[in-house]
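Derivation of every value follows stated rules applied to the coordinates shown; laboratory data play no part. Given the structure is predicted, the values throughout are model-derived calculations rather than measurements. Virtual Cβ from ideal backbone geometry, glycine too; neighbours counted across all protein chains shown.
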Amino acid sequence: MNPAMVKQALLILIQQNCVNSYLQPGEDTLRGPRPSFYLYEAHTDRVLQIIRHPRFLLHIKDEAGEVAEAVIAQLLQEGRLRMDQVLGSVAARLGKALDKETRDSISNTFISLVQAHYVERSPPCTLPPPTLRPHPNSVRTRKAKSAATNTEGYAAEQAAALKSFEELSFEKQRFKVPAELALEMFMSDAPAPAAAAGGAGGANGGAANGDGGTDGSGDEEGGRAASPDVKMEDAAGADAGGGAGAAGSGAGVAGGGRGRKKRAAPEDDGDELAMKITAPAKKAKMRAGTARPDVSPSPGSQSPARTTGGGAGAGRGASPGSPVAEPAVVLWRVNNDEFNRRFRHQAIVGLVREKFDEDAAGVVSAMLAAGRPFESSVKEERSVQLSEDEVEATANKLANAGIIPSMAGVSVPGVLRTLANDGFEMFSHVGTGPQGSASYVVNAQRVIDLIMLKQTEAVVKARFDTAGLRVFRLLALRGQLEQKQIADLAMLPAKDTREMLYRMLQGGFIMLQDIPKTADRAPSRTFYTWRVNMPSLSDSTAAQLYRAAGRVWQRLKYEVEKEKDLLALIEGAKETQTINFNLTSAQRQAVARLKRVNEVMETSLAHLDQMIAIFNDF
């Protein structure tokens, strides 16, 4: 290919977030310094999640309104945009003139989306390439001081410790609002301080987010706020999230060592001391509804602590004495991880609602909403530790906001004890909170495993009927069994059991293990046992789901391509606004058929994407 064409293609793919770009710094050698060069990496996760974009839009419309939907839709379409481009394109999409009222509405909604982590800064192309994560097997071979280091968590901590200063600096600024945008918002809302003091507008006043995202993923410590037309459940869970910090040994400690907050970068002593002094006042203002969003000053501007008139509300962005500089151009994009985190929580709540009742689902929603700001990744094994009082306070706030059903007359401690005593171990009692009440966590990964098992059983039943489901459940519960044992326990004839087992083996649902008595492995002196390997089965199911989604996508494109002439005729009539436009009977039948096929294909694609998210992204 022509080098100019390759360059243009790379620019388009980077703009659409399909390719990541890194700057490999030059190395000093005996022959002199080597020049730096750029490396490119395909971002396969974002490419595969393109079919999830309609679900993103439906979710944000239900939660935040039409303006937020227009912002997310424009960012999904364009990939990366500057703030002025967001204002102009969203106003055009809404069909409104970019006057002061429309500009303020879009700006407030945009800031709320940033504070809720739905929108993030695009990573600059000057970041160094990520360090290779050590394999868990290589960690186990080392001589560790304790058994706790011989885990995959230890390997993840070692990889996080190797992060460069540029990566940590970007993570601190990932969800920070530029100073000029925040100042413009503050100045427009200056005549109404009483409303801000009453907590009337999250986007008008913003929400201070802890220490500005000093944990590994840039997730802020404090609560989040919402604009007047944006319904964010994090605003209701801010106080419980702050209380969870005292209950969970620093608020970021989830079970199994996950969620622990780490030092992002070496700070000077003055900045660290100022953070420690202003943190209590900042949390107090959060509860009062008067906190300000974290801001980053633009180059040449003064510190946000001076411009906004308060150190407690100012962010820890690039101060004049800080080595972290604000980029000249800030590009914004959609944060897919936050949407996947919300969908994961919805799946957990849905399973709890199905197994228990609506009250239990509301309590679990409150627990997940309170601990969401402290999750460092989508695949968290356990939620943040919360006491009964904190869960009850958060549940009442969400109920008053209309996010969950009313909790009047519901005993939250009783619901928590019922969930913790359930045999499926979806919830755990982990001790006593700061006020003497019991503390609980949600075993999120255990719930996701149960959801995957449920979906796998549905596939087994559809392909092998009730007898196949009985055999599958027997092997999943009892482990390795011989063929005769399976026939006796499943109460099936030996011949039918043998045929069933080999058909399930061919489909990849079960595995066959040979246990020889002698070294020659003669079949007459060998035991053959059957078992279910859930991790391998989950991987194969995810691969089958991807192949099915690909086939549905190709069929949909084929149907549209087959009727492209008819579609071009209809689009031409719409563009010219032809009033007297008639179709023949055959053309009308073709349009009706294409509409029906399109609905079926898109519905199937959305259902497959939900299953793909469960087996791959959650």
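In whole angstrom, note down how far apart the Cα centers of the range 465-494 and the range 396-427 are.
Each part's Cα centre sits 37 Å from the other's.
If you look at just the Cα atoms of the range 447-532, how large are its Rg and its Dmax in Å?
Calculated on Cα positions, Rg and Dmax stand at 13.8, 44 Å.
Here is the link list: LYS7/LYS61; LYS454/LYS495; LYS355/LYS397; LYS100/LYS379; LYS355/LYS461; LYS7/LYS574. Which ones come out longer than 31 Å on Cα distance?
LYS7/LYS61; LYS100/LYS379; LYS7/LYS574
What distance in nm separates the simple spin-label points at LEU505 and LYS454, each placed 7 Å from Cα in the Cβ direction?
It is 3.2 nm.
For MET491, MET534, what ranking results if the residue with the fewest other Cβ atoms within 10 Å of its Cβ goes first?
MET491, MET534
Write down the Å³ per residue value for the convex hull defined by the alpha carbon atoms of the range 537-617. If you can, show how the numbers build up before the last one.
On the way: hull volume 7.7 nm³, N = 81.
Cα-based convex hull of the range 537-617, divided per residue, equals 95 Å³.
Between CYS125 and ASP28, what FRET efficiency follows from the Cβ-Cβ distance if R0 is 35 Å, with the result rounded to 0.05?
0.95
What is the fewest-to-most order of LEU368, LEU58 by other Cβ atoms lying within 10 Å of their Cβ?
By the 10 Å Cβ count, ascending, the order reads LEU58, LEU368.
Would you mind putting 522-530, 351-359 in packing order, based on average other-beta-carbon counts within 10 Å, highest first?
So the peptides 522-530, 351-359, ranked by packing, come out 351-359, 522-530.
Run the simple label-point estimate for TYR40 and SER377 please: 7 Å along Cα→C-beta, distance reported in nm.
Simple spin-label model gives 2.9 nm for this pair.
Among LEU98, LEU181, rank each residue by its count of other Cβ atoms within 10 Å, from fewest to most, as a rough exposure measure. If you can, show how the numbers build up before the last one.
Numbers: LEU98 15, LEU181 19.
Fewest-to-most ranking of LEU98, LEU181: LEU98, LEU181.
Cα gyration tensor of the range 3-42, axes a ≥ b ≥ c as square roots of the eigenvalues: rounded (a/c below 1.5), prolate (a/b > b/c) or oblate?
Taking the square roots of the gyration eigenvalues as a ≥ b ≥ c, the range 3-42 is prolate.
For the range 339-446, just run the numbers: alpha carbon Rg, then divide by 2.2 N^0.38 Å, N being how many residues it has.
On the way: Rg = 12.6 Å, N = 108, 2.2 N^0.38 = 13.0 Å.
Normalised Cα radius of gyration, the range 339-446: 0.97.
For a test of the definition: using alpha carbon positions, the gyration tensor, and the 1.5 limit on a/c, classify the range 568-609 as rounded, prolate or oblate.
oblate
Quick one: which residues, 5 or more positions from SER376 or on another chain, have an amide H under 5 Å from its amide H? H modelled 1.01 Å from N in the peptide plane, none for Pro or chain starts.
GLY259
On the principal axes of its Cα set, how long, how wide and how thick is the range 496-569? Give whole Å, largest value first.
Each principal axis gives a Cα extent; for the range 496-569 these are 75, 26, 21 Å.
First check a/c for the range 6-67, with a ≥ b ≥ c the square roots of the eigenvalues of its C-alpha gyration tensor; if it is under 1.5, answer rounded, and if not, answer prolate when a/b is larger than b/c or oblate otherwise.
prolate
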